[in-house]
1. Can you find even one residue in the stretch A:199-214 that is outside the structural domain of residue A:160 (by TED's automatic domain parsing), part of a loop (DSSP other than H, G, I, E, B), in contact with a His (Cβ under 8 Å, 6 or more places away or on another chain) and over 18 Å from residue A:353 (Cα atoms)?
2. With the requirement that a residue be away from chain B (no Cβ under 14 Å) and either within 10 Å of DNA strand D (Cβ to nearest atom) or of a type outside the set (A, V, I, L, M, F, W, C) (or both), what does the stretch A:31-48 give you?
3. So if I check each of B:316, B:358, B:345, which one is in contact (Cβ under 8 Å) with a residue 40 or more places away in the chain and under 17 Å from residue B:104 (Cβ atoms)?
4. Which one is nearest to DNA strand C (Cβ to nearest atom) among residues in the stretch B:62-76 that are among the small types (Gly, Ala, Ser) and within 11 Å of chain A (Cβ to nearest Cβ)?
5. Of A:169, A:158, which residue is touching a His at 6+ places or on another chain (Cβ under 9 Å) and among the hydrophobic types (A, V, I, L, M, F, W, C)?
6. Output the number of the condition that residue B:90 fails; it satisfies all remaining conditions of (1) away from DNA strand C (no atom under 16 Å from the Cβ); (2) surrounded by fewer than 23 Cβ atoms within 10 Å (Cβ to Cβ); (3) not basic (Lys, Arg).
7. Looking only at the stretch A:116-147, how many residues end up being under 24 Å from residue B:326 (Cα atoms) and either aliphatic (A, V, I, L, M) or in contact with a Gly (Cβ under 8 Å, 6 or more places away or on another chain) (or both)?
8. Give A:153, A:142 a once-over and let me know the one that is open to solvent by less than 10 Å² (accessible area, probe 1.4 Å), away from chain B (no Cβ under 14 Å) and under 12 Å from residue A:92 (Cα atoms).
2 protein chains.
Amino acid sequence: MAHQHPEPSAAQTDPEPAAPMPPRRRSRPTIGDVAALARVSKATVSFVVNGRAGVSSRARQRVLEAAAELGWQPSAGARALSTRRAQALGLVIRRPPELLSTDPFFPQFLAGVESGLSPLDYALVLQVVETEEAERNAYERLSHDGRADGVFLTDLQLDDRRPVLTDGLGLAALIIGPERRDSPVPALGVDDAEGVRRAVEHLHALGHRRIGHVSGAEGYVHAEARRRAWTAALDDAGLPEGPLEAADFTGAGGARATHALLDLPEPPTAILYANDLMAIAGIAAATGRGLRVPEDLSVVGFDDIPLSEYVAPPLTTIRQDVIAWGRAAAQQLVSLAQGHPFQATALPPVEFVARASTAPPAR
Amino acid sequence: MAHQHPEPSAAQTDPEPAAPMPPRRRSRPTIGDVAALARVSKATVSFVVNGRAGVSSRARQRVLEAAAELGWQPSAGARALSTRRAQALGLVIRRPPELLSTDPFFPQFLAGVESGLSPLDYALVLQVVETEEAERNAYERLSHDGRADGVFLTDLQLDDRRPVLTDGLGLAALIIGPERRDSPVPALGVDDAEGVRRAVEHLHALGHRRIGHVSGAEGYVHAEARRRAWTAALDDAGLPEGPLEAADFTGAGGARATHALLDLPEPPTAILYANDLMAIAGIAAATGRGLRVPEDLSVVGFDDIPLSEYVAPPLTTIRQDVIAWGRAAAQQLVSLAQGHPFQATALPPVEFVARASTAPPAR
DNA sequence: GGCGCCATTCAAACCGGTTTAAAATCTGAG
DNA sequence: CTCAGATTTTAAACCGGTTTGAATGGCGCC
């Protein structure tokens with residue numbers, strides 16, 4: 001009853017009064033615990049897990065056993081602090097959240113990146129920002145905080161300053177998209193032009209002569225690339241210039257642009273869209289006007305999103321293996337972050353997928 | 001003539017930099033640099049940036065000036081090591097990469113999470129794993145490595161062991177989805193049932209009596225919830241049980257299930273799908289059989305993905321504000337990770353969106 | 001037996017912060 | 001002018017690893 005409790009926490013466990021034992025912490029074992037159990041120093045344990053020479057096989061054996069018994073794995077955080085390696089890559093996306101969710105490219109790319117990263121035991125740190133300043137700040141913090149060893153640069157704009165920024169920070173970086181001249185940062189991208197050419201040839205062979213294009217958001221490198229490829233392909237095929245309508249990669253934009261093209265005095269008989277989302281919306285827009293696809297209007301998309309095969313009519317499109325692209329990008333950036341030089345990697349080429357949204361034009 | 005270049009960095013413009021010292025990553029200032037410049041100790045700087053009492057305003061002033069001059073910001077990594085707080089949340093997704101990219105829920109949720117996280121200066125660590133063991137491992141490492149202070153649990157299965165796991169790790173967690181009884185982990189989800197009821201009432205009012213359902217992947221909590229809501233809503237409306245076909249949330253599955261339902265001796269006149277992706281594929285499947293939507297078959301989706309408004313016919317669906325959900329989840333989990341108790345938050349209710357894919361049944 | 005050499009091993013410093021306990025300084029009352 | 005009490009400041013330990021420089025031990029050789 002009148003017990004004195006000079007040390008309330010110590011009074012609970014009776015048999016061990018000398019050892020102060022914090023009962024709450026169930027924290028995982030540290031390198032020190034392993035070292036103690038194996039009767040070696042922390043340094044030896046560190047050598048073993050990092051495969052460094054200079055450890056007797058007897059000691060190595062004991063360390064491995066101790067680590068296994070305790071279920072110990074080195075803490076990536078602590079390791080990052082001493083080695084300045086985060087074992088993680090960063091992906092910063094500047095886009096309002098509402099727009100992010102409409103982009104079918106993003107989740108596929110992310111899936112690919114992850115599938116490339118997880119075997120290498122790298123994590124991915126994601127940030128979505130809205131302003132350019134916040135974006136710059138994000139890269140700086142990612143670098144300085146030791147949260148990421150390298151970053152992906154996506155949605156590159158024509159006058160983008162991020163390559164210079166990451167270069168100045170000494171942060172490994174990889175541009176996702178077509179290569180650019182004079183860039184301090186290497187790029188990894190597939191050649192959109194080949195697929196576009198194949199699509200135009202396909203339409204040409206069907207008999208189309210007025211082939212329009214609905215382009216993606218202006219100022220973006222990949223939107224420009226696809227637009228230029230369309231112009232060049234028309235030229236190569238000996239066809240006249242076609243009508244162009246600028247859009248923004250969204251369903252709403254695709255629908256609007258489609259109406260604009262069909263309102264022309266001489267509307268195109270086929271339209272090539274800069275992505276599938278706009279193409280699907282375009283089919284709906286044309287159908288809504290009483291046109292039949294593909295009889296009255298042929299439609300070609302770009303990306304081959306999972307849904308494209310399952311709309312009516314199934315969409316003829318240009319397939320990019322975005323997952324493979326993401327995987328290759330992840331591997332490449334890890335390699336760059338580890339200090340290896342850039343090595344050009346072959347990506348699976350874009351592939352033209354003919355489905356039912358294209359047909360000969362009505363005579 | 002011979003200009004003097006006293007600055008050490010001046011030799012950089014030489015064409016062949018045989019420089020022995022390539023300053024790779026320019027190291028950013030540390031707390032020590034700031035302390036030295038402000039002529040105080042590291043502890044004082046730490047107190048200032050953490051808003052702790054016991055610093056004279058003179059000292060505080062000097063510290064802030066020094067930090068501003070050096071452009072110093074504390075390193076999240078080092079801070080994580082000493083405080084065991086990562087200022088980051090984790091999201092582990094167990095799904096093959098191919099499937100991840102077909103899920104329209106995911107990017108929207110991610111966008112919402114990010115929009116909730118970035119004002120709080122929290123980062124998001126993403127991991128995609130394929131096996132259950134890798135998943136468990138991921139949570140353990142996230143926790144032990146100090147990479148994340150809390151984790152989201154998504155795609156909960158009926159007998160999921162993750163709540164027990166994170167609870168055992170002492171890791172804050174939040175289930176994304178309907179609440180569950182006896183779970184050690186709180187859940188945040190909208191009530192799917194209300195939307196489903198509204199949809200069934202809508203179809204009933206139009207005159208439908210045979211209302212089928214294409215459900216999502218079996219074993220998943222949200223797929224089950226929608227299926228049960230459908231059964232209950234039919235019952236409430238005084239309608240007979242409808243035909244059910246299990247699918248998997250993908251376009252292919254939706255198409256297959258649609259054909260199965262339409263092959264029945266007495267096919268339904270309306271189908272409620274567990275997500276929009278399957279509904280859109282269902283429209284195409286029905287159209288491919290020569291049926292007209294909505295005249296011969298009414299279709300209702302679930303989610304209201306951005307494309308749903310722009311398919312032909314525009315999809316009647318049940319809208320979830322997934323972005324708001326993600327944002328609320330992020331705020332809630334941060335709060336949990338900071339040790340605050342769970343506080344039920346109101347989510348925007350699901351909303352029934354009537355478009356053109358529903359109509360009275362052909363008589 | 002004494003010596004040098006090489007292979008192991010380890011104590012200690014370090015990464016960049018936080019936090020504690022104690023020292024230093026400043027008050028104001030007596 | 002003293003001294004207790006409150007306020008401000010700092011040195012040092014710590015988080016969990018890596019890395020270095022030096023100590024230890026075993027072995028062959030003269």
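The values are calculated or read from the model by the stated rules, or taken from the named source; none is laboratory data. The shown structure was predicted, so the numbers you read here are calculated from the model rather than taken from an experiment. Neighbour counts are summed over all protein chains in view; Cβ atoms, including those assigned to glycine, are modelled from backbone coordinates with ideal geometry. Accessible surface areas use protein heavy atoms only, side chains included; no ligands, DNA or RNA. Shrake-Rupley method; radii C 1.70, N 1.55, O 1.52, S 1.80 Å.
1. Of the stretch A:199-214, the ones outside the structural domain of residue A:160 (by TED's automatic domain parsing) are A:199-214.
Imposing the further condition that a residue be part of a loop (DSSP other than H, G, I, E, B) reduces the set to A:207-210.
Next, from what is left, pick out any that are in contact with a His (Cβ under 8 Å, 6 or more places away or on another chain): none.
No, that holds for no residue.
2. First, the residues of the stretch A:31-48 that are away from chain B (no Cβ under 14 Å): A:32, A:35-48.
Scanning the stretch A:31-48 gives A:32, A:35, A:39, A:41, A:42, A:43, A:44, A:45, A:46, A:47, A:48.
3. Numbers: B:358 fails: under 17 Å from residue B:104 (Cβ atoms); B:345 fails: under 17 Å from residue B:104 (Cβ atoms).
Going through B:316, B:358, B:345 in turn, just one is in contact (Cβ under 8 Å) with a residue 40 or more places away in the chain and under 17 Å from residue B:104 (Cβ atoms): B:316.
4. Going residue by residue through the stretch B:62-76, those that are among the small types (Gly, Ala, Ser) are B:66-68, B:71, B:75-76.
Keeping just the survivors that are within 11 Å of chain A (Cβ to nearest Cβ) gives B:71, B:75-76.
Working: B:71: 11, B:75: 4, B:76: 9 Å.
That would be B:75.
5. On the way: A:158 fails: touching a His at 6+ places or on another chain (Cβ under 9 Å).
That would be A:169, the only listed residue that is touching a His at 6+ places or on another chain (Cβ under 9 Å) and among the hydrophobic types (A, V, I, L, M, F, W, C).
6. Every listed condition holds for residue B:90 apart from (2).
7. Number of matching residues: 12.
8. Exactly one residue qualifies, and that residue is A:153.
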